[in-house]
Amino acid sequence: MTILLYILGVILFLAAIGLSIGLHEIGHLVPAKKFGVKVTDYMIGFGPTLVSLKRGETRYGIKLLPLGGFIAMPGMYPPKEATHTRAQDVPDEKTVRGIVREAAKKRHANQELADSQQPVVTDTRQDGTPRKGRLFENTLADAREFSNRGIEPGEEHRTFYALNLPKRLVVMFGGPFMNLLLGIGILALVLLGIGVPGPSTTVATVVECAVPASEAQARQAAGNDDCTPKDQLTPAWETGIKPGDKILEIGGTPVESWDHMTEQIRAAAGTTVPIKLERDGQVITKDVPIITSERPKTDEHGSPITRADGTPETEQAGFLGVSPTQELTPIPVSEFPGTVWSSITQTFSALFHLPQRLVEIGQIAISGGDRPADGPIGVVGIGRVAGEIVSTDLFDVVDKVQLGLSLVASLNFFLFAFNLVPLLPLDGGHIAVALYEGARRRINLARGRGIVGPFDTARLLPLTYGVVGVMLVMTLLLLYVDLFNPITLRDLFGG
């Protein structure tokens, strides 16, 4: 049964990855089609195609490796004629699409001329001998040809490079934006719907004796937590408060939370207060004498305040002698925007330090050692954790749903941040190119040079190949450590 649950967890995670990737690509697909761009392929995954179908001019499919996805838009690498077209060639044109149309006419004219003549060697040195192609030169030409293979004569205005700057930015930002929306939506479901673990007003345990904080620390260091005959019994123990009792009111004031209840108890030192409880569906009231005891000082978050030597600061405060059960409680709506912002900034911070952390992971992979629980983890590693979440008996069903959804939300925030890195072939690279192209056009217009053709993105292919190589090495490194030195659920949550 455990193995089946583990497999179910992995399958659910793969489905979540597929959904996240699919919605990312829809974020590109919808605005591209809206702006008239011809989209020839919409694929989830890479490698061999498992299943596909064609609707209209677009083929939709799923590929073998769930490592990303893509939509194919002709014109990601503009033809050379378009990139070389300048204002003096088409002085009457004021738009990018006008430049594209004129470049297309020139391209078709050159093609017709080439088809009507005998092949000649045009790429020669001054002495007439053929010149060898420069490094990547043939690759650039092939990339341009491959990028524009789906465009028929007269359809050049439907290419990606024919879009103006705002539309190109919308198309390229649409994918990461979908991941951002999905991450926020899932986080809202987790935090506002299911809630986060926190102390409730239901009693988990009742403490038998009240021991001053300094003495309690000494006893714990000696491994002795037992009460002695000289110890004072706690008010909760003496008045018969039991585990499972829910505290409703203290001194006639409704209890809103565990922290609120703690404040009331600490302030009621030396007085007897009526405490209203709910026990087995019945409401009972007990008059409880709150004792004064040496208790650790806490900050506004409830964490103990320590001195320079590490010992806790103490104060005289009221003491009841109960501990709370942990329950999932939705956070206030007013706190949600701050939590989302914190999640996003933490994701960008982790992405910024990713190269350094990968170097650490590489050293661990070579020399061995413990893998940090907060380090980078690959798809296989996250899949293993997802399988453990579903199959473990450490959490109940609601906790498993909460953890699983939190994992998917974090994944989408990472996809949002990672795709905004301004390097090709990532979306951020295409956004950076579009911004550069827009700035270049404004500068040319300001100098009276008129509109110019699109930037030759194919010239950045060597850089693109380098980025792809780094991403491949990163994927293989994380795959290796995920298989042979994995992060487990206990590493992440203890236990």
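Selection of first residues in the range 327-348 that are part of a helix (DSSP H, G or I) and of second residues that are aromatic (Phe, Trp, Tyr), restricted to Cβ pairs under 8 Å at least 6 apart or on distinct chains, gives the following pairs, ordered by first then second residue: 343/413; 344/413; 344/416; 347/413; 347/414; 347/416. Does residue 264 count as on the phi < 0 side of the Ramachandran plot and in contact with a strand residue (DSSP E or B) (Cβ under 8 Å, 6 or more places away or on another chain)? In short, yes. Restricted to the range 40-75, and to residues there that are in a strand (DSSP E or B) and of a type in the set (D, E, K, R), the residue that is surrounded by the most Cβ atoms within 10 Å (Cβ to Cβ) is 63. Would you mind stating whether residue 478 is surrounded by fewer than 16 Cβ atoms within 10 Å (Cβ to Cβ) and within 30 Å of residue 376 (Cβ to Cβ)? Judged against the criteria, residue 478 is not a match. Looking across the range 447-480, the residues that are outside any loop (DSSP other than H, G, I, E, B), more than 14 Å from residue 430 (Cβ to Cβ) and of a type in the set (Val, Ile, Thr) come down to 468, 470, 473, 475.
Just one of (1) open to solvent by 80 Å² or more (accessible area, probe 1.4 Å); (2) touching a Leu at 6+ places or on another chain (Cβ under 7 Å) fails for residue 443. It is (2). A search for C-beta distances below 6 Å between a residue of the range 38-55 that is under 19 Å from residue 155 (Cα atoms) and any residue that is part of a strand (DSSP E or B), counting only pairs 6+ apart in sequence or on different chains, returns 39/58; 39/71; 40/72; 41/59; 41/72. Please tell me if residue 307 is more than 24 Å from residue 200 (Cβ to Cβ), modelled with pLDDT under 85 and either open to solvent by 70 Å² or more (accessible area, probe 1.4 Å) or basic (Lys, Arg) (or both). Yes; evaluated as a whole, the condition is true for this residue.
Among the residues that make up the range 392-401, is at least one of them open to solvent by 20 Å² or more (accessible area, probe 1.4 Å) and modelled with pLDDT of 90 or more? Looking for residues that are open to solvent by 20 Å² or more (accessible area, probe 1.4 Å) and modelled with pLDDT of 90 or more, one finds at least one in the range 392-401, hence yes. Within the range 455-475, the set of residues being free of Cβ contacts under 8 Å to residues at least 40 places away in the same chain, farther than 16 Å from residue 139 by Cα and surrounded by fewer than 16 Cβ atoms within 10 Å (Cβ to Cβ) comprises 469, 470, 472, 473.
Okay, residues lined up against (1) over 40 Å from the mean Cα position of the chain (by Cα); (2) surrounded by 14 or more Cβ atoms within 10 Å (Cβ to Cβ):
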residue	(1), (2)
177	no, yes
181	no, yes
195	no, yes
208	yes, yes
253	yes, no
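The values are calculated or read from the model by the stated rules, or taken from the named source; none is laboratory data. Quick caveat: nothing in here was measured; it's all calculated off a predicted structure. Positions of Cβ are backbone-derived with ideal geometry, glycine not excepted, and every protein chain shown enters the neighbour counts. Surface accessibility is based on the protein's heavy atoms, side chains included, excluding ligands, DNA and RNA. Shrake-Rupley method; radii C 1.70, N 1.55, O 1.52, S 1.80 Å.
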